[in-house]
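The values are calculated or read from the model by the stated rules, or taken from the named source; none is laboratory data. In this text the structure is predicted, and so the values were computed from the model without any measurement. Glycine gets a Cβ as well: all are built from the backbone with ideal geometry, and neighbour counts include every protein chain shown. These accessible areas exclude ligands, DNA and RNA; they are computed on the full protein's heavy atoms, side chains included. Shrake-Rupley method; radii C 1.70, N 1.55, O 1.52, S 1.80 Å.
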Amino acid sequence: MPKSLSSVLLVLFIQSACASKTEAPLQVQSEAEARDLFSLSPREAVSLLAKDEAIASSAYKGIENGDSKWLDLYKRVRPASDASVSESLDQSVGLAIIHNPTAAIDAIVEVSKGEMGQKALLQYLHWPCGATSADFSESEGNKQKERVAKDTASRELKAKIKALQSIKSNNLKTAKDCREIAQQALKRWTPK
């Protein structure tokens, strides 16, 4: 191998190694900042979620995983959120139903009672119970992407339905309503 080519390869290797080392601390920093959401007021937390995509992603993933501390954050910031952040929070808590159905349903009920009142609960349930990540995919007109979206929606909704069947909560009626909404959404995604 000529010396100039080996030198170029060595420089490229060093640059890529340095680049990967600088990316990790930024990710850790974003996770640390996401944890700082807990110390902010609800409005400040919503503002940070709206402005910082990395922090928002960490927070939404925590909620989606059904982690109780992140569900507590959802309960605290959801009433103060605007349309965009509200949708992301609701989608995340909807996915939390799969991982921690009791805590997710309890969080949904708590937020809806404080924010909208009990009468609006059933209407509110349509978003976290019936929506899937496929609802946000840009698949229209692309058969391959449409098939993937349909499979994703079907998988998520079936997982929600299964999780809701075994729920042990003081909010059993809400869990039943949520399960029915997920079943209706599944029919929408998988027509016969």
>> I want the local charge near Ala159. Using Cβ-Cβ distances under 14 Å, sum +1 for each Lys or Arg and -1 for each Asp or Glu among the other residues.
In response: +2
>> For Lys75, Lys150, Lys173, Lys145, give me the order by solvent-accessible area with a 1.4 Å probe, most accessible first, ignoring ligands, DNA and RNA.
In response: Lys173, Lys145, Lys150, Lys75
> Could you give the length gained on full extension between Ser133 and Lys145, defined as 0.36 nm per residue of separation minus the Cα-Cα distance, in nm?
Replying inline: 3.0 nm
>> Exceeding 27 Å between C-alpha atoms, which entries from my cross-link table qualify? They are Lys69/Lys173; Lys51/Lys162; Lys69/Lys187; Lys51/Lys176; Lys162/Lys187.
In response: Lys51/Lys162; Lys69/Lys187; Lys51/Lys176
> Along region 171-188, what does the Karplus equation 6.51 cos²θ - 1.76 cosθ + 1.60 (θ = phi - 60°) give for ³J(HN,Hα), rounded to whole Hz, x for Gly and Pro?
Replying inline: 10, 5, 5, 5, 4, 5, 4, 4, 4, 5, 5, 5, 5, 5, 5, 4, 4, 5
>> If each residue of separation counts as 0.36 nm, what is the full-extension length gain between Leu40 and Arg155 once their alpha-carbon separation is subtracted?
In response: 37.9 nm
